[in-house]
Every structure is written in C-alpha cells, then in structure tokens.
Amino acid sequence: MSIYEKNLECIEKHRDYMYNLLKDFNMSEASNRLEEVKSVDTKDKEKALIIKHNSTQYRLNSLYRPLDEADRWASQFDFQNIDNLITIFGLGNGTFVRTIMDKMGPNGILVIYEPCADIFQHVMENYDISDILTNNRISITVEKINDFEFHNTLRGVINIKNISNQIMCVHPQYDKIFPESCVFFWKELKDSYYSARLNINTEIFFGKRFIDNILKNIKYLADTCMLSELKELLPKDVPAMIVAAGPSVGRQIEELKRAKGRAVIFAVDRILEFLLDEGVEPDFVVSLDPKKPVKYFPNRPECNVPLICFQESNYEIMDIHYGKKIICNCSTFLRELYQKLGKVPPKTSSSASVATLTFSVCVELGFKDIILVGQDLAYDGERSHAGNKEEHYGTTKDLMLEGVDGKMIRSRYDWKEFVVWYQDMLTLLPDINVIDAKEKGAKIKGTTVMPLREALSSYCKQSFDFSRRQLEERKTFNREDLIKVREYLSSSLVALGKIVRRAKQSIKSCDLLIENCNSNSLSDVEIQDLIKKLGRNNKYIEKQPIYLLMDKFVIASSAQYLMEINRLTDDYMKNNLNTYEKAKSIFQAVIDAAEYIKPTLEEAIEQVMPTND
Amino acid sequence: MQELSIVVSEMVDAIDRTTTLFYQQKVDEGYESLYLTLGIITQGMNCLFRYKELNDKFVLDEAQLNQILSQAMAAIEEKDTILLSDILQYELKEFLQNIVID
C-alpha cells in the first residue's frame, strides 16, 4: 500500500465528511496554486518542505533540524492549561502540528486550516500522516475541499471552560505566502469567538430562568404533544411560511391573507399580536426565549393557535397561551425520562433566534420549500420591527451588511449572526429550497429572493385543510406515564438532598486542602484521600439527572471560576490553591442551586397530574 | 582559559537568545537581538584571536570559522532567518563550544 493510499484510508475511516468531498475533488478548483512543491532531506535525515508560489521560493522547515525548530517555535505558547484549544493556520508537512500534538495534553483539541490543496496533496503522497488523520482530537480543513468543517468545528468546540485557554498560531511563513487566506482564518476565529461568547452570555443570563421555566412548564406535560406527532398530521407538498417580525411584514399583509390555507404559516411569537390585529391567523406560533417579555405575546383566550415551544420557553407566556402546546425540544433534565417511557425525546437545535428555530422546526417537519417573510435582518430607516417599532442596542452594536439589492444596509451584530446561521444551514441542507420574500433587507446567500406575491403563485398552488381537533387529541403522555413522571421528579427531590450533603463534605475537604497549602499540615496520604473524596463526590453529583438542571444555575453563578478552572501556571502550589478555592466556590454554587430548585420542584410534583385526577 | 570560557559562554547565550526569537518567528525582535549578538560575537572573536597570539598551543581553525561566518552573512543577506539561526545554533555555537572542550 502506498503512503497516499494509507493516508486516504485513514481519512475514509475517520473523517467521512472530508473523504466524500476529497474523492470528488478536482485540483483545478483549488486556490493558492503552487508552481512547485517538493521535499528535501535535512542534515538530520528528516524532511523539509520547499514550495514555489508567485515565482518566490519558500522553505517551510529548517534544513538542519526541523524537529528542534518546531520545538523551539512551540515553546512560546503556554500549553500548561487543561482543555487546550489550539488553532493553527497551516498543516505544512506535519512537523509543527506533531509538536503541538505532543504538548497539548490528552484533553486538548487542535483545529488545522490548510489553505493550499497542493501542499496537502504533496504531503498525502510523501508523508505518513496517519497519526494526525486518525486522531479524533484534531480537525483538518483544506481550503476548497472541506471549508465548512473549519467554520462548523470552531462553533462546536469552544465552551465556557476553554474560551480563555485558546492558542491561535500560524505555521512559519504561511502568513507571508497566503495572506488572503490568513485574513479569512483570523476572521473566522474572531467570529467564532463572538458567537461562543454570545452563547455563554446567554447561558449566564438565562441560568436561573431556564430552571424556573422547565419546572413551571411541567404542569403542561399532560396535554402536550411532540413535533414528531404533529408531523403525521401536516400536509405534504405545500410550503412552510415563516413570518418573522421585521418591518417589511406590514407591507405584506394582503399577501399573507392570500397565503392562508395554501402554505402552513408559522409566526414567531413577537409578530402574533400584529398578525391577529390585521386579520391573519397563522397555523402555528413559535416561542423560544426563556425571558420573552409577556407584553410581546397576546393574552387572548379566544385565540387557540397551537404553540411550538421548548420546555425552557417562558412559563409566563405558556400561562397566557390557550391553545395546544407542541414541544420541539425537551430539556436535558427530562430527556432520560422520555427514554425511560419509550419515547424519543424531541430535539431541535435552539439556534440564535426564534425565527431560526422556526426554520429548524420546518426542516424537522419535512418541508422542502420554505418561504421567509419579515426576516429583514436590517433596519428599515429607524424601524427594527413590524408595527413601526424601534429597538436599539446602541450604535456600537450596529454594522453594515450586504442588502438584497447589492447595496450595504444598516444592521446589527445579532442579526448578522442570524444571516450566518441561515447560510450555514443552507450549506448543510442543499435540498431545502428557501425563498426570501422581501424587497429590502440583508441578503442571505443561498436563498431565492422574490416578492411574496410571486412566491405565492410559484409555490402555493394548492390548498390544504389542517385539523386542529386531531392535534388537540394527541398527547405524548398517558395517565400511567404521568405517574412515572411524578416518580421521576420525586426521586430527583431526594437526590437533591444527597447532592447538598456531598457538596458540603467537599467544601470541608477543600478547606482542609486550602489550609494545607498555607501550613503543610497534611501528609501526602491524607492529601490524596481528600482529593479522591472530592473526585468521588464530583462524579456522584454529575451523574444525577437533576444535576442537568442544576448545571444551568452553577454556570450562571460561577461562570468566571469555570472559565479559569483549567488555567494553570508554573507555580505548582499556586495552581493547587487556585484549584481548591475555585472548586469550593463551585460546590457552594451547587448548594445554592439545590436550594433554589427545591421549592419549584416540589410545586411541579404537585402539578404533574391533571387537576381532574 | 577561564576568561576564554566566559567569552564563549557570552557568545553562546547571545546566540541562544537571538535564535530563539527567530525560531519563534519574532522577526523584528530577532533582528534587534541579532544586532547586539553580532557585537558580542565580534568582541568574542577579537578575544579568541588575541588569545591565539599569546598561546601557541591554542588551535583555532580559522578557515572553518570563516566559512561559518560567511554562510551566516549569506543567510542574513537572503533574509533567511531560520537558516541563519541554524548556522548560528548548529555550526557556530558547536564550533565555539568545541574550543572550550579542547
């Protein structure tokens, strides 16, 4: 087997997304083409890569000792932290990458972006990089082959524990040789950092509210159904229409009235009142935001539009909604319960906004044609929302985006995130046809832009009749199931008490270890015992299903400690002291979480069964 | 002899500082350091030659030294900081360390 075949086999076994794109790849589509790429022997019998690009020759490794060179280069970075996240521009011949692999630790993640397919091809043919290709802690993207993987991986790997520990580096010379690709690389890193920060801040902001919503919405379980149950009742072969709250909706009311019965209309929560006032009743309303202001949702007992929601959606909105509730995503806390009852837990990615969530819902429901209405993602003059509403976060959060007419248009940072989200989705779902029915607003690449009138005549040709009565009769849980739900919640209440006891024990252990850092009062055996006890308590706490609920509170109240807990220094004693102090704070947050949850959990247990039971 | 060891040690430390910066792609700082290192190497060479004049038994392979320094100058002219670092690290530094050992 040749080196190339061996490497390719590794890609086939371990990286099927890349493999599927690589096998159909034509080198004529590559960017950053080279005039020459070759390897030469070094003085210590290793290999150095030499390339010629734009008539200039570059040597990418030392001619003397490339491994030593890589080691000295890597010594400038701090790999001491746990959970290192390293991103590198340039694979080269793997020498620098292997040095990082040796230093990054067992929990490290390495994301490689190689801008030159010619280099990658040469390396695949001449270097055995199977150790790199088979390592599942390494992501490799080659420009023009599997570009999306870089973007997607960054958004998946950054979390609260490693966001502060990122190492971003460039293979020597790559920035000089491929400057445009390098700019792209840094921009992707910046965007992914902002996106991760947004997600973390959302978790912190909503921490306690998630808990309140999940527990207070349990009383609705008896009457809810899941998205999969709705899917069976919906017509096929008609498009979905998502009505968001952009200012353009006001100009499209007459068309929306004509759409009724010819497209399944999903309205985001914020636009429902406006639509009802204008005489348009959608087929579904969607709500996501755990803290959505109640003033944005109509309190109309006569309106029974079914609501598609998360278990974490705002309970205050659930309380003033009078129709059927359809769960599209269950909380991690209740997921095990669904499985125990033989049901597939509903799962839809939360994404960034209720409109993007609605898009995911439409994809889950099997719609192939999706028409976006009111997804302006830009200001219309000073207006941000339909009904002449203005909402500003301050001009520092405003920016310019490309509009559907090719001109730049004023938008916001969060709207830009939504544009990127849609574009990512359209890359992942090439079979979905998305029509963006607007004449102004931010351009979403991959959509077909056309006026709503034209979209109706092109895609909404047949009418359908959807039975709300059949939907009302669908219930995920029967009486026996609800009894088991109550048992599950009751056992969670018992577990809370045990968690508090273990957390208190752990705090005592931390106190002893902290004191020892200052006074050396404990023997090595005693220290090891205390550390083992901490580990056991930690494992026990994290294994309890109720911890999946507590986690949100703990993250919200100890985010700063969680961001720093994996950061280490040269000073061993200082590392220990920091770790014990942070661990103590986190265990205290666990106790606070348990105390916070207990009364609402008790209330939920009382309310599981319907009142006529 | 002790004075020679100190001189060589200073040259070796200067080489280490400069080459580390270049290997880490800190090019601007590397050139600043190189300027100082070249000064230290020049003074160090002067000491070596003076020592040789005073000690018949001291062997200094001037031809090899000239060749190494020429290669280093060529690398500087080519702006090949990695090749320069390799020459300083694996040719010149080893040459100087061997003087002390011998």
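For the stretch B:1-14, taking the residues that are within 12 Å of the chain's Cα centre (by Cα) and surrounded by 15 or more Cβ atoms within 10 Å (Cβ to Cβ), the one that is farthest from the other protein chains (Cβ to nearest Cβ) is identified as B:Val7. Taken over the stretch A:154-173, the criterion of being more than 13 Å from chain B (Cβ to nearest Cβ), aliphatic (A, V, I, L, M) and outside any helix (DSSP H, G or I) is satisfied by A:Ile158, A:Ile160, A:Ile167, A:Met168. Being of a type in the set (A, V, I, L, M), open to solvent by less than 60 Å² (accessible area, probe 1.4 Å) and outside any strand (DSSP E or B) is a condition met by no residue of the stretch A:47-55. Residues of the stretch B:41-64 that are among the basic types (Lys, Arg), in a helix (DSSP H, G or I) and open to solvent by 70 Å² or more (accessible area, probe 1.4 Å): B:Arg50 alone.
Restricting attention to the stretch A:24-46, does a residue exist that is open to solvent by less than 20 Å² (accessible area, probe 1.4 Å), more than 27 Å from A:Lys190 (Cβ to Cβ), within 14 Å of another protein chain (Cβ to nearest Cβ) and touching a helix residue (DSSP H, G or I) at 6+ places or on another chain (Cβ under 9 Å)? Looking through the stretch A:24-46, at least one residue is open to solvent by less than 20 Å² (accessible area, probe 1.4 Å), more than 27 Å from A:Lys190 (Cβ to Cβ), within 14 Å of another protein chain (Cβ to nearest Cβ) and touching a helix residue (DSSP H, G or I) at 6+ places or on another chain (Cβ under 9 Å).
Yes/no matrix, rows are residues, columns are (1) touching a residue at least 40 places away in the same chain (Cβ under 8 Å); (2) more than 28 Å from the chain's Cα centre (by Cα):
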site: A:Leu429; (1), (2): yes, no
site: A:Ile432; (1), (2): yes, no
site: A:Ile435; (1), (2): yes, no
site: A:Glu439; (1), (2): yes, yes
site: A:Lys443; (1), (2): yes, no
site: A:Gly446; (1), (2): no, no
site: A:Lys475; (1), (2): yes, yes
site: A:Lys484; (1), (2): yes, yes
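Exactly one condition in (1) within 30 Å of A:Leu401 (Cβ to Cβ); (2) free of Cβ contacts under 8 Å to residues at least 24 places away in the same chain is false for A:Asn516; which is it? Single failed check for A:Asn516: (1). Taking the numbered list (1) away from chain A (no Cβ under 14 Å); (2) free of Cβ contacts under 8 Å to residues at least 12 places away in the same chain; (3) surrounded by 13 or more Cβ atoms within 10 Å (Cβ to Cβ); (4) over 11 Å from the mean Cα position of the chain (by Cα) in turn, B:Leu38 passes all entries but (4). In the stretch A:120-134, the residues that are open to solvent by 50 Å² or more (accessible area, probe 1.4 Å) reach residues that are part of a helix (DSSP H, G or I) with C-beta atoms within less than 6 angstrom, at least six apart or across chains, in these pairs: A:Glu125/A:Tyr4; A:Asp128/A:Ile3; A:Thr134/A:Cys10; A:Thr134/A:His14. Figure legend. Inter-residue proximity from the stretch B:87-102: first residues away from every other protein chain (no Cβ under 12 Å), second residues modelled with pLDDT under 95 and not in a helix (DSSP H, G or I), beta-carbon distance below 9 Å, spacing 6+ or different chains. Indicated pairs: B:Phe95/B:Asp61; B:Ile99/B:Phe58; B:Ile99/B:Val59; B:Ile99/B:Leu60; B:Val100/B:Met1; B:Asp102/B:Phe58; B:Asp102/B:Val59. In the stretch B:15-22, the count of residues that are away from chain A (no Cβ under 14 Å) and either open to solvent by 80 Å² or more (accessible area, probe 1.4 Å) or more than 23 Å from A:Ser62 (Cβ to Cβ) (or both) is zero. Against the list (1) over 17 Å from B:Gly30 (Cβ atoms); (2) within 11 Å of another protein chain (Cβ to nearest Cβ); (3) not small (Gly, Ala, Ser), the condition B:Lys52 fails is (2). Considering the stretch A:100-110 alone, what residues qualify as being in contact with a Phe, Trp or Tyr (Cβ under 8 Å, 6 or more places away or on another chain) and surrounded by fewer than 21 Cβ atoms within 10 Å (Cβ to Cβ)? Result: A:Lys103, A:Gly105. Filtering the stretch A:152-177 to residues that are at pLDDT below 90 and under 15 Å from A:Lys190 (Cβ atoms) leaves A:Arg155, A:Ile158, A:Ile163, A:Gln166. Taking the criterion of being open to solvent by less than 10 Å² (accessible area, probe 1.4 Å) and within 11 Å of chain B (Cβ to nearest Cβ), the residues of the stretch A:56-95 that qualify are A:Leu60, A:Asn61, A:Ser62, A:Pro66, A:Glu69, A:Ala70, A:Trp73, A:Ala74. Residues in the stretch A:458-494 that are within 19 Å of A:Asn538 (Cα to Cα) and crowded, with 18+ Cβ neighbours inside 10 Å: A:Ser492 alone. Is there a residue in the stretch B:70-84 that is touching a residue at least 60 places away in the same chain (Cβ under 8 Å), buried (at least 19 other Cβ atoms within 10 Å of the Cβ), within 14 Å of another protein chain (Cβ to nearest Cβ) and within 26 Å of B:Val27 (Cα to Cα)? Yes - at least one qualifying residue is present in the stretch B:70-84. Considering (1) over 30 Å from A:Phe210 (Cβ atoms); (2) surrounded by 15 or more Cβ atoms within 10 Å (Cβ to Cβ), the lone condition that A:Asn538 does not fulfil carries the number (1).
The values are calculated or read from the model by the stated rules, or taken from the named source; none is laboratory data. As the structure is a computational prediction, the values presented were derived from the model and not from experiment. Reconstructed Cβ throughout: ideal geometry from the backbone, glycine too, with neighbour counts over all protein chains shown. The area values use the complete protein model at the heavy-atom level, side chains included, leaving out ligands, DNA and RNA. Shrake-Rupley method; radii C 1.70, N 1.55, O 1.52, S 1.80 Å.
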